[in-house]
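Working notes, beginning with the structure itself.
FYI, it's all coordinate maths here, none of it is from the lab. No experiment lies behind these values; they were computed from the predicted model shown. Because the Cβ atoms are built from the backbone with ideal geometry, glycine has one as well, and the counts that use them run over all protein chains shown.
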Amino acid sequence: MNFTIWAPLAGALALLFAFYLSQRISKQDPGTPKMQEIAAAIHEGAMAFLFREYKTLVVFVTVVAAVIFGVGIMTPGAESLQPETAVAFIIGACCSVLAGYIGMNVATKANVRTANAAQISSNKALGIAFSGGAVMGMSVVGLGLLGLGIVTYLFDNPSVVNGFALGASSIALFARAGGGIYTKAADVGADLVGKLEAGIPEDDPRNPAVIADNVGDNVGDVAGMGADLFESYVGSIISGMALAVALGLGRNGIVLPLLIAAAGIVASVIGTFFVRTGEGANAAKALNMGTYVSAILAVIATYFLSINLLPSTGKVTGMGAFIATVAGLAAGVAIGKITEYYTSSDYNPVKEVAKSSQTGTATNIISGISTGMMSTALPVICVVFAILISYKFAGLYGIAMAAVGMLSTTGMVVAVDAYGPVADNAGGIAEMAGLDPTVRKVTDALDSVGNTTAAIGKGFAIGSAALTALALFSAYTAAAGIKSIDLMNPKVVAGLFIGAVLPFIFSAMTMSAVGRAAFQMIEEVRRQFKEIPGIMEGTAKPDYANCVRISTAAAIHEMVVPGLMAVIAPIFVGLMPGLGKEALGGMLAGATAAGFVLAVMMANAGGAWDNAKKYIEGGIYGGKGSPAHTAAVNGDTVGDPFKDTSGPSINILIKLMTIVALVFAPIFM
């Protein structure tokens, strides 16, 4: 039986479900003409950015595909570097681009309908916002599995799918970094000048940066996040396939990751129907119910698939692969709960950050950084346990299967994550359209849950990055003919230090990019407040378009160098005389270890700062306008690029460098 056909069929199912949800959203009432005008401005700004970003990426994709094609012709005996690899690379890039486009297009339609529904019922608003997120989730897994299934079906050489992962990772890094720079430049400018200097509320229509800020929620937290998890999803599957090839596990070992992912799609679709709540009930519990149902169904399906596809005896057994997969899924759930503990205002870490705000910005920042640092311990322990358990029961293949298990329900994880920006946008539209304050209370409650779900989504992506990168690293050593990484070898140690410093350099680049872009935004908002009479009185309309233009131009310009570094660094180290393939192995190990910890620290610190601010805005320690609130807003502006630009981009960085090394391994021999 040809099992590979089930992967693209499951992908098609996800896309059909996404289409059904998008049609259902379109039929909802978009509200008043004023609301529709605001939503149209957000939609147009988001799409304009996306098209400019994609025009830039066309050049990158064309050049890299040409290089892969040319090198593939010159190395005919290399399985992972063939002319067909260039085709797979283009397909992977196109699928990632399409997933981001579909998700953001629907999210910018769901936001205004969520705001309008919030006038009627919080339950109805939750349903529309979640459906908007679910379109993104189903697009990610649908296009990921459909694309992978097609590539696997078309080419007899299973190593060619590495090119698909390279295409997905390349687009993801640019999309996450570019979207993060855009959204945080607008957010920081809007907060520092609007909230602190002008003393006006968040999303006030008098703020010139308010449209850019709402556009940023979509390009960063929907399209960028979607590309991020698309890359994580396909990377985990491909790592399993690559190791099955390297370990000689046969056709069933190669297709098992695909079939588990296919089962995860069905489980996620079923799980969406469990996200229901009565009026006034807890939205977080409703979202958790859908997540838990999806996970349980995925575990059941994984058991039957593993037992039936793999032998009962030998180095890798069906039961061993099942235990490894469940270990990864359990680690993902645990990391999600740990992330929630450190980033939700229901728990002590965020409350302590809020409390520290009473004595000023400095203590708020110190508390947030220490919270982020402390939050790294338990996720590392979870990943370590997942690695040890999965290796014990299924060897290196088990580590890859643990990553597959962690991301098997990506459709639901992305749906819950992308729901947050939709709810956030809905609150902004409600504020700008002058709806009743009770509407903003409903959307703020949904948005508060969305902040936590977004942090959990980042935790899933970062946790899976460590497992996926380790599995891909093992595949690289096999492809490059490296039997072991010897820490007594000075080349390996040199590579280790180079790799460890790369996530810090990358973070410095992206943080600085946000700072430069935010500087331009702050100057522009100040200029408009000063030079356009009547803005503060509400009698004159700010120039929203200029702020959108500033964020767009800055993001496109600033994303290029960090993105290129991730592609060039492994090739440079692998070809550099005196370094070579062993040093590259050390570099990948150093980047994975340092990058994972740094990513967790930055993402959780940023989430803690954000929710500490919202906790104070709820009336604690003097509420809005108090000195504690001012300190919390300042802390949140530091946390913004931590959690939405640099932190989540690092997990893509370490996987992209590893997949580049894997694809180009033949030229390092």
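Could you grab the relative contact order for the chain? Cα pairs under 8 Å, six or more apart, rounded to a whole percent.
Dividing the mean separation by the residue count of the chain yields 21 percent.
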### Task
Among Thr645, Ala284, Thr592, pick out the residue whose Cα is farthest towards the positive end of the charge dipole of the chain, where Lys and Arg carry +1 and Asp and Glu carry -1 on C-beta, about the Cα centre.
Thr592
### Message
If packing is taken as the average count of other Cβ atoms within 10 Å, what order do 412-423, 246-257 fall into, highest mean first?
### Response
412-423, 246-257
## Note on the structure
Ordering 99-109, 654-664 by per-residue average of other C-beta atoms within 10 angstrom, highest first, gives 654-664, 99-109
#### Entry: Residue exposure sequence - Asp213, Asp436 - by fewest surrounding Cβ within 10 Å
Asp436, Asp213
### Query
If a helix is a whole DSSP H run, which ones in the chain reach 27 Å or further along their own axis (Cα) and hold a mean Kyte-Doolittle hydropathy of at least 1.0?
6-26, 33-74, 122-154, 225-246, 250-272, 283-309, 318-343
### Summary
Cα-based Rg then Dmax for segment 172-257, in Å, read 20.7, 65
### Task
Could you pull out the longest piece of the chain with no exposed loop GluC sites (Glu not before Pro) in it, calling a site exposed if DSSP puts it outside H, G, I, E, B and it has at most 11 other Cβ atoms within 10 Å?
1-278
### Query
So what's the back-of-envelope 222 nm ellipticity for the chain, counting only DSSP H runs of four-plus at -39500 (n - 2.57) apiece and dividing by all residues, rounded to 500?
-28000 deg cm²/dmol
#### Entry: Per-pair calculated FRET efficiency, R0 = 22 Å: Val58 and Ala545 via Cβ, rounded to 0.05
0.30
## Note on the structure
Listed with the fewest Cβ neighbours within 10 Å leading, His43, His557 appear as His557, His43
### Summary
Share of Cα-Cα pairs in the chain beyond 50 Å, whole percent, is 8
### Query
Taking segment 424-510, which trypsin sites (Lys or Arg not before Pro) meet the DSSP loop condition and have no more than 13 other C-beta atoms within 10 Å?
Lys483
